[in-house]
Every structure is written in C-alpha cells, then in structure tokens.
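Participant: My structure is below; once you've seen it, I'll send some questions.
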Amino acid sequence: MDFGLILLTIGVSFILAVISAPLVIPLLRRLKFGQQIRGEGPQSHLKKAGTPTMGGIIILLAFTLAYLKFSVVNTDFYVLLVATLGFGLVGFLDDYIKIVFKRSLGLTPRQKLIGQLLFSGIMCALLISEGHSTAIGVPGTQLDLDWGPWFYYPFIVFMMMAVTNAVNFTDGLDGLLSGVSAIALGAFAVIAMQATSLPAAVCAAAMIGAVLGFLVFNAHPAKVFMGDTGSLGIGGAIGAISIVTKTELLFLIVGGIFVIEMLSVVIQVISFKTRGKRIFKMSPIHHHFELSGWSEWRVVVTFWTAGLVLAVIGLYLNKGL
C-alpha cells in the first residue's frame, strides 16, 4: 500500500481543517452556539462557558473532503462513510437541540438510541452484502471465534454504540479527545495498511489530519469545542475501522483510554445507585484527576502518553506485526 498516499491524505485533511476553522468558529459564535458548563463540574471550567461548540463540523468537513478524494469506492468505503457521518449526524442533532432549544440533555435517550441503531443497521446490511467474515480474532493469538452471523451482527451493533459513547465520554478537557483519538487512529492506520484495506487506511488518515487540524484551535485554552458532532463522528470512524480490518477486540487495547473513561462512568453510577457512595470525585475519570489537584494540561498530557503506550501494545499484539 502506498504510504505516501496516507501521508498526503493526512496533510490535505489537516490543511482543510486549519483553513476552515477560522471561518466556522466566528459563524458558531454569531449563531450563539456556545458551550454550556455543568455547575457541579470543576470550577475552573466555568470560564469556558460560551466558547463555541459544534466544532465537530470542522472535523467532519475536512475528513469527508479528504476521504472522498483519496479513497477507492467499494463496500468498505460506504461502511466507513455511513459510520462516521451517520453517528456524526446523531451528535449534530444532539448538539443542535441542546443549544437552540435550550434542552440540556439534547436528544432523548430513545431518540439517540434509534439514530445509533439505524446507522449500525445500515452498516450491518452493507457488511452482509459483501460477505464480511463473522470471525472475531483474539488479540495476541491466532485464535478466531466464529459463532455465526446471529451473534456477530448484534455484537457489531453493540460495539458501535459502546465505542461511540466511550469516545464521547473522553471529550471533556481542552485537546484531550483530539490527541487521544489521533494516537488511536494512527495505530489503526498502520493496522489497515497491514490488512491492505485502502478505504480503512485512508479513513484513519483523513480523520487523523482532521483532528490534528482541529487540535490547533482546541488545545488549551480552547477556542472551540467539538461537541457530540465531533466525538460521535470520531467514534463512528474508529469503531468502523476496527470492524473493517477485523480487529474488533483490539479496540479494547488500542482504544484503552476510551474504555477506561467509559468504565469509570459505569462504575460510578453502579456504586452510587447500589451503595449511595461515589468511587471517583467525579466521572468520567479525567475530572477525578482535575478535582484531585492536577492541572488540565497535566491530565491531558498524561492521558495522551497512556494512549500512546496502549497503541504501541495494540500494534505489538496485532497479528502479523
């Protein structure tokens, strides 16, 4: 596979994001699409109120233009496009309702579930049409688990919902998700090249460039936030890439930061509902470290570093590396 094409895709997507951001951010500000800050969160975040959000539009725009330009068109191409833009659309609607209609929760849980199920179902239909393998590889081994389509496709639907929500939980500090996702996507780009899946490799590259370009404006102090538009779109891309490259379980390692973030929320909720006590000062866990006295930048850099270590471990465990 042409490594130069992957680098070119990253570069073009990065430039598109950097060029479009100064145009989109003032527009978001004029439309009063400002971030609402939870009162129970870290007090240092209150000064972020009003910062333009829904900046995920920048990410999805740069991604889409680069992806359409450099990818080949086949079934995998459409699977990846539906996952990224479909889940990004769910996030966009959620953000739009929160901001325009002043509904703090955005879409209702049922509405969000329907949207996620819809695009996951379209993905499954496309995968079935191309005879996608239903075997699930166990990282670090030659073992494949194949319990047939009646297990695999419900698993895929559950996986897409889990991955996108886990990525969404990680968005909460300036530059945190942008950096962690770029690292995870870098690992998946290598995996996709090994699997000789050009659409998956180009998808990862286009998203890397887009989130790094966005990071220029999202690094502390952030001039714009991505909102659910960006986080669900990124999660859709990562989940779909792992499915297309047949590394479904490897996400648990390469995307380990996302998994930890989601588990911290689940553990916190279960503990509070069953014992009336909180395990963490606040969840997701990045807020726990903030409330423990860490600076926002220290939390972000620590999570980036941990994400890099996990990505390297994931690549080591991947078959054929």
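The values are calculated or read from the model by the stated rules, or taken from the named source; none is laboratory data. Remember, predicted model here, so these are calculated numbers, not experimental data. Cβ sites come from the backbone with ideal geometry, for glycine too, and all protein chains shown count toward neighbours. All accessible areas refer to the heavy atoms of the entire protein, side chains included, with ligands and DNA or RNA removed. Shrake-Rupley method; radii C 1.70, N 1.55, O 1.52, S 1.80 Å.
Participant: Given the structure, is GLN43 at pLDDT below 65, over 17 Å from ASP171 (Cα atoms) and polar (S, T, N, Q)?
Facilitator: So GLN43 passes the test.
Participant: If ALA189 passes every condition in (1) within 20 Å of the chain's Cα centre (by Cα); (2) open to solvent by 10 Å² or more (accessible area, probe 1.4 Å); (3) among the small types (Gly, Ala, Ser) but one, which one does it miss?
Facilitator: With respect to (1) within 20 Å of the chain's Cα centre (by Cα); (2) open to solvent by 10 Å² or more (accessible area, probe 1.4 Å); (3) among the small types (Gly, Ala, Ser), ALA189 is out only on (2).
Participant: Still on this structure, I have one more. Restricting to segment 133-161, name every residue that is under 17 Å from ILE122 (Cα atoms) and in contact with a helix residue (DSSP H, G or I) (Cβ under 8 Å, 6 or more places away or on another chain).
Facilitator: Within segment 133-161, THR134, PRO149, TYR153, ILE156, VAL157, MET159, MET160, MET161 meet the criteria.
Participant: Something else about it: Could you please find all residues in segment 263-288 being open to solvent by 50 Å² or more (accessible area, probe 1.4 Å) and closer than 23 Å to THR164 by Cα?
Facilitator: LEU263, VAL266, ILE267, VAL269, ILE270
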